[in-house]
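> Take a look at the following structure, please.
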Amino acid sequence: MISKQAILQHFVFPRRGWLVFGHDLVAAALSFILALYLRVGDTIYFYFSLPDLIIATAVFTVIAAGVFLLTGLYKGIWRYASIPDLMAIARAATLTIVAFLVVLFVWTRLEPMPRSVPLINWFVLMALLGGPRFLYRIRKDRRLERRQAAEAGHRIPVLVVGSGSEAELFIRGIKGDAKCVYDVVGIVAEKQKRVGQRLHGVPVLGVVDDLPRVVEAVKASGMPPERLVLAKDKPDGALVRRLLDSATALGLTMARAPRVTDFRAGHPDRVEVRPIAVEDLLCRPQTPLDRDAMRALITGRRVAVTGAGGSIGSELVRQLAGFKPAEMLLIEQSEFNLYTTEGELRSRHPGLRTAPVIADVRNRDRLQRLFLDLRPELVFHAAALKHVPLVEANPFEGIATNVFGSINVADAAVAAGAGTMVMVSTDKAINPTSIMGASKRIAERYCQALDMRRDGGQGTRFVTVRFGNVLGSTGSVVPLFQRQLANGGPITVTHPDMRRYFMTVREAVELILEASVLAQDGVASAGKIFVLDMGEPVRIVELARQMIRLAGLTPDVDVNIRFIGLRPGEKLFEELFNPGEDAVPTDNPGLRLAAPQPADLGTFLPYLEQLAAACDAADAEGLVAVIRRLVPEYQDGAGAGASPLAASA
């Protein structure tokens, strides 16, 4: 049953709307008379007497009034009349004609009226309703164009890269914003077939490869462009890097068109471009995700996350909370990080049950009690010491957290009967040259051993996920470069040839969840490790140069790049797979499987006891010796010169 409020809302619109309503009623009455006249000419009174004509016109007008109000014809704004408004007018005109025919059939059996009159009436009514609206918009647009032309001296000429819907929205937004400081002087498309076409009157002058020629042609016309605006929501990183290089060579700055969702507080109608982000330089095609399977895995389950306040852990918490788990146990050593993550969670998901706990994964008994109390069904282990030079300088702490902390979490998950534990690992675990990498490889092997020991597929499933550097995470190179840029440089790079794999934190966490889903489906056999597809490695020195250019500066002129040499434990190149290790594809193109040598738990545990003893005794030489037994491929000090630990050993 339709409520009274639902009916009344059709009759509530601004005062000017009543003027428009009055205009439309006059148009409706005229349309009926004009339709008759266009069909029968001066013989109109042969079909209708004057009283009948007045009554028929009045009935038609009353029906039109009801239809116009009930179809919400006055919710639109004449200034922005467009295709949806035209469709609304067509719908209202059609309903009016149909309703009038029904009334006329009951009244006269349609005998006095020629059959073509309703069709003519429909076209006339459409013209009388729609014509004034679109004439009003054209008048407003021309006034806006004249106003913009008067302020042309203050506008920035820009070239738009892209000819799709994003470019159309951007150009339309500029043309509708009298205070916009940009003037689109041309379009650069990605496809040759677009060249020569126009978008809102702006010509497509060439393709991306023709950018130097296009810029010269626009300069010759007297409107030299000052900026490139990339109008594409998910650009390919290679394209962004190529455009940035071209823009720098041509003396142009570069920015991105705003997305539809980019609203500015206080200026909802203003068109504001935004800077190219570092993420855009590394962007890869979006990997398809099975969100329904993720939701089925997480919804209504009890979930525990270690390292819940870190870069990966906090993003895990955000995404997991979106799938509505029954309860979340947030384990974090840093009080401030836990406070921040838990506060954000409460504001976004006030109904979600959370248990924020300050705890250290190295405290075995504390973890056991926490897990036995909550009985988590899913465990995500993201807690770790991850900074290679710091762990190299503090090896015993690194081993205690990354090895024994992981063992404690794994054992607690088994004791609590968890269905799955996901361990977040790193590409530094492959042929490690650092304590950090070796410690993560030992943790991987322990989880592999537990996974292979499952009795008939029963017990806790262990899933290990490896990936490289997370862009913008705490301690990563991007925030460091940003701080150095803010201080005027120099930017410090360890080595000209250093390369790293990068991905965004959101991308990493999404693929961690995807790996968890695939593991439930039996995609990975026991002991296999999921490896995220990181795309192509990025040269760090090129990343530094691109960040300098993004800041509007010139590398080696405005900001110097200084090479400081490899730090202890660092490698020039990170690897995703061991030599001779096959990369097995999965159903998800962003995930592959690796099969590194697993450990036999029976022979593995005695070495772990020796490792613990070396840590307790602060025995560097003994620590290195045990690590070499546990990770035969470990090469201490192979990255930078001498590692402090290697020197002491």
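Please treat every number below as a calculation from the coordinates, not as lab data. On a predicted model such as this, the values are computed, not experimentally measured, just so you know. Here the Cβ positions follow ideal geometry from the backbone for every residue, glycine too, while neighbour counts run over all protein chains shown.
> May I ask for the net charge around I358, where only other residues with Cβ less than 11 Å from the Cβ of I358 are counted and Lys, Arg are +1 while Asp, Glu are -1? Write down the numbers at each step before the final one.
Numbers: positive: R366; negative: E332, E335, E342, D360.
Overall, the nearby charge balance is -3.
> Continuing with the same structure: Arrange the following residues from fewest to most other Cβ atoms within 10 Å of their Cβ: R441, R198.
On the way: R441 26, R198 10.
Ranking R441, R198 by Cβ neighbours within 10 Å, fewest first, gives R198, R441.
> Now, a different point. Pairs to check: K324/K528; K191/K219; K440/K571. Give those whose C-alpha atoms are more than 18 Å from each other in this structure.
Values: K324/K528 29 Å; K191/K219 23 Å; K440/K571 16 Å.
The pairs that break the limit, which is 18 Å between Cα atoms, are K324/K528; K191/K219.
> Then there is this: Considering amide H positions built from the backbone, and no H for Pro or chain starts, which residues 5 or more places from Y182, or on another chain, come under 5 Å of its amide H?
I156
> Just to be sure I understand the model, the point goes 7 Å from the Cα along the line to the Cβ. What's the resulting L30 to F563 distance in nm?
Here the answer is 8.0 nm between the modelled labels.
> Convert each backbone phi in the range 611-616 into a coupling constant with the Karplus relation 6.51 cos²θ - 1.76 cosθ + 1.60 (shift: θ = phi - 60°), then list the ³J(HN,Hα) values in order as whole Hz, x for Gly and Pro.
These are the phi-based 3J(HN,Hα) values: 5, 5, 5, 5, 5, 4 Hz.
> Order by neighbour count: K232, K386, K219, fewest other Cβ atoms within 10 Å first, most last.
Working: K232 20, K386 26, K219 14.
In order of increasing Cβ crowding within 10 Å: K219, K232, K386.
> Also, quick follow-up: Given H placed 1.01 Å from N in the peptide plane, which residues other than close sequence neighbours of V161 have an amide H under 5 Å from its amide H?
Amide H neighbours of V161, under 5 Å, 5+ apart: V188, V229, L230, A231.
> Here is a further query. About its Cα centre, how strong a charge dipole does the range 361-515 have in debye, to the nearest 20, once Lys and Arg get +1 and Asp and Glu get -1 at the Cβ? Mind dumping the intermediate values first?
Details: 18 positive and 14 negative charges, 33 e Å.
Here the range 361-515 has a charge dipole of around 160 debye.
> Could you list C615, C447 so that the one with the fewest beta carbons within 10 Å of its beta carbon is first and the one with the most is last? Present the calculation step by step, with values, prior to reporting the outcome.
Working: C615 20, C447 28.
By the 10 Å Cβ count, ascending: C615, C447.
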